[in-house]
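Here is the structure we will look at, set down as structure tokens.
The values are calculated or read from the model by the stated rules, or taken from the named source; none is laboratory data. Quantities reported herein were computed from a predicted structural model and do not represent experimental measurements. Because the Cβ atoms are built from the backbone with ideal geometry, glycine has one as well, and the counts that use them run over all protein chains shown. Surface accessibility is based on the protein's heavy atoms, side chains included, excluding ligands, DNA and RNA. Shrake-Rupley method; radii C 1.70, N 1.55, O 1.52, S 1.80 Å.
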Amino acid sequence: MKEKYKIAFVGNSALTMLNFRLGVMRSLSSEYDVTMITPQDCDVAVLSEYGIHYIAIDVDCKGMNPLRDMRLMRTLYSIYKEELFDFIFHYTIKPILYGSYAAGLLRCHHIAIETGLGYSFIRRNWLYYLSRMMHRYALRKADAIWFLNQDDCDAFVKWGIVNQERVHIIHGEGVNTDYFKSSERSSEYFCFLHCGRMLRSKGVALYVQAAERMKKEYPKVKFQLLGPLDSLNPDAITPKEMELWVRSGVVDYLGVTKDVRPYLEQCSCVVLPSYYMEGVPRSLMEAASMECPLIATDSVGCKDVVLDGINGLLCEKRSVSSLYHAMKKMVNLTAEERAQMGSNGRQLMLRKFDEKIVLHEYETILHHYLQGC
């Protein structure tokens, strides 16, 4: 048996990988030789503290240039051939497509983790059908395909991309419930918070429209937006739009932060009216872990975290009116009722979405394939 098996985590963003999977990589690094492979879009110095190796690559996340994508596949093939990884985990669409194909050619054990079907599966256009075809081809030799929710899994099986025997559900990517722990709501006023990337499909514009209606009845209620403006994404809210919203006095834009916890402590309710093809939204899990009541759409991923009337409220997709009524209902709940929702959310995170549960899934699959148990 090897002294240490070599495993790799491959994604389209170092920032995302560190935010979502550092806990898993850190835990596995005590038993395995771990490498992270991503574009370097942030400081990765923290990896060396845990003995995790790093290899930078170039991924054109939103581009449609087939030559650049073929270069990505050749790059990953060369890295995999040189490093001789024993197991590889692929995340997000392009690493999954081209990394899975490269790993399959080298007969390396690998798993694709579908973290949400995303932008290419929202509309039934040429991109939708191309993505289905490419996934079907790339995932033929994957040992398994993991999904964060049942809806995405059912869709892939229905479309014939994968068969039922190779799919597995993990409940989100886990939340560190020790880091995101319960806190007393400290705000002096009622405050809604939308937290995440400023994308239309994340419901940002719907949130602002509902806020405009709410302001007429509840002028003292505050509405906040926290998260990055992504000018390269065709689905993004533009800086000009954001400036107009802020100048109108309807919303406050808080920019970006490395630590969301102070903002969660200050807010009364976290809102995500998303119609994006979510996996399981990290922003909702973090908020629930800190005992925030939630409002989200009755859609893929969101409904896994928000249990209507238990730890939050669900509204209809793409409906400003439905969102407005959910927000109005939340404002009119008693402080005790909202506190109970928050407590229920915390218990759900501990029971179903704790990072320790997800880590066990990784340990089990690696033990199965690499140590023959």
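Annotations
- Flag if Val358 is β-branched (Val, Ile, Thr), on the phi < 0 side of the Ramachandran plot and at pLDDT 95 or above: no
- The residue that is most open to solvent (accessible area, probe 1.4 Å), among those in region 174-204 that are at pLDDT below 90 and more than 23 Å from Gly116 (Cα to Cα), is Glu188.
- Flag if Ser283 is farther than 22 Å from Gly174 by Cβ, touching a strand residue (DSSP E or B) at 6+ places or on another chain (Cβ under 6 Å) and in a helix (DSSP H, G or I): no
- Note on region 246-288: residues that are open to solvent by less than 30 Å² (accessible area, probe 1.4 Å) and more than 14 Å from the chain's Cα centre (by Cα) total 12.
For (1) of a type in the set (Lys, Arg); (2) more than 21 Å from the chain's Cα centre (by Cα); (3) farther than 16 Å from Cys108 by Cα; (4) surrounded by 15 or more Cβ atoms within 10 Å (Cβ to Cβ), each residue gets a yes or a no:
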site	(1), (2), (3), (4)
Thr38	no, no, yes, yes
Ala45	no, yes, yes, no
Ile52	no, yes, yes, yes
Asp69	no, yes, yes, yes
Tyr77	no, yes, no, yes
Ile88	no, no, no, yes
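- Residue that is in contact with a helix residue (DSSP H, G or I) (Cβ under 7 Å, 6 or more places away or on another chain) and crowded, with 17+ Cβ neighbours inside 10 Å, where the choices are Ser27, Ser13: Ser27
- Any hit, region 326-339, residues being exposed (fewer than 15 other Cβ atoms within 10 Å of the Cβ), of a type in the set (Gly, Ala, Ser), farther than 16 Å from Leu284 by Cβ and at pLDDT 95 or above: no
- Hey, Glu291 open to solvent by 10 Å² or more (accessible area, probe 1.4 Å), touching a residue at least 24 places away in the same chain (Cβ under 8 Å), in contact with a Phe, Trp or Tyr (Cβ under 6 Å, 6 or more places away or on another chain) and within 16 Å of Lys352 (Cβ to Cβ) or not: no
- Number of positions in region 294-303 that are open to solvent by less than 30 Å² (accessible area, probe 1.4 Å) and either in contact with a His (Cβ under 9 Å, 6 or more places away or on another chain) or without any contact (Cβ under 8 Å) to a residue 12 or more places away in the chain (or both): 0
- Residues of region 76-100 satisfying the condition of being touching a strand residue (DSSP E or B) at 6+ places or on another chain (Cβ under 8 Å) and either basic (Lys, Arg) or not in a strand (DSSP E or B) (or both): Leu76, Ile79, Tyr80, Glu83, Leu84, Phe85, Asp86, Pro95, Ile96, Gly99, Ser100
- Subset tally (residues that are of a type in the set (S, T, N, Q) and assigned to a strand (DSSP E or B)) for region 1-58: 2
- Members of region 8-58 that are touching a residue at least 60 places away in the same chain (Cβ under 8 Å), among the aliphatic types (A, V, I, L, M) and farther than 17 Å from Ser78 by Cα: Met17, Val24, Leu28
- Test: Ile310 is in contact with a helix residue (DSSP H, G or I) (Cβ under 6 Å, 6 or more places away or on another chain), of a type in the set (Val, Ile, Thr), touching a residue at least 24 places away in the same chain (Cβ under 8 Å) and open to solvent by 60 Å² or more (accessible area, probe 1.4 Å): yes
- Near pairs, Cβ below 7 angstrom, 6+ apart or cross-chain, from region 332-354 (within 17 Å of Gly309 (Cβ to Cβ)) to any residue that is hydroxyl-bearing (Ser, Thr, Tyr) and part of a helix (DSSP H, G or I): Arg346/Ser289
- Counting residues in region 229-245 that are open to solvent by 40 Å² or more (accessible area, probe 1.4 Å), at pLDDT 95 or above and touching a strand residue (DSSP E or B) at 6+ places or on another chain (Cβ under 6 Å) gives zero.
- So Tyr253, is it among the aromatic types (Phe, Trp, Tyr), touching a residue at least 60 places away in the same chain (Cβ under 8 Å) and out of contact with any Pro (no Cβ under 8 Å at 6 or more places or on another chain): no
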